[in-house]
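In what follows, a structure is listed as structure tokens, so that the remarks can point back to it.
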Amino acid sequence: MVSVMDQERRGEIRKRTLKGARIATNEGYSTTACVVRNLSDHGALLRLTSVIGLPDAFQLVMDDGRTFECVVAHKTATDIGVQFT
């Protein structure tokens with residue numbers, strides 16, 4: 001059996017969370033709602049209804065007011081893994 005730590009490819013473990021956020025593009029004029037599924041000091045996993053049409057770099061605006069500049073590290077049909085820049 002493979003442990004979670006053996007499967008972990010990042011250098012740090014992210015904390016599980018369920019926080020609301022928005023992906024801001026077009027200098028903040030366009031936003032897409034998302035849920036932050038896990039979070040670390042250097043990145044996050046975001047869940048959306050669809051990732052189609054999202055750029056490879058954007059600003060993540062958390063419901064608590066924090067903002068992060070992000071670049072996409074990987075994505076599936078509904079999830080995006082991002083690194084904070």
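Things to note:
- With each label modelled as a point 7 angstrom along the Cα→C-beta vector, the Thr25-Ile13 pair spans 3.4 nm.
- Projected label distance in nm at His74 and Thr49, using a 7 Å step from Cα toward the beta-carbon: 2.7 nm
- 222 nm mean residue ellipticity, helices alone, for the chain (DSSP H n ≥ 4; -39,500 (n - 2.57); rounded to 500): -500 deg cm²/dmol
- Cα-based Rg / Dmax (Å) for the chain: 12.8, 47
- Taking trypsin sites (Lys or Arg not before Pro) in DSSP loop conformation with at most 14 other Cβ atoms inside 10 Å as exposed sites, the chain has its longest uninterrupted site-free stretch at 11-65.
Readers should treat all values here as calculations from the given coordinates under stated rules, not as data from a laboratory. Keep in mind that this is a model prediction, so the values were computed, not measured. Every residue, glycine as well, gets a Cβ built from its backbone with ideal geometry; the counts of neighbours run over all protein chains shown.
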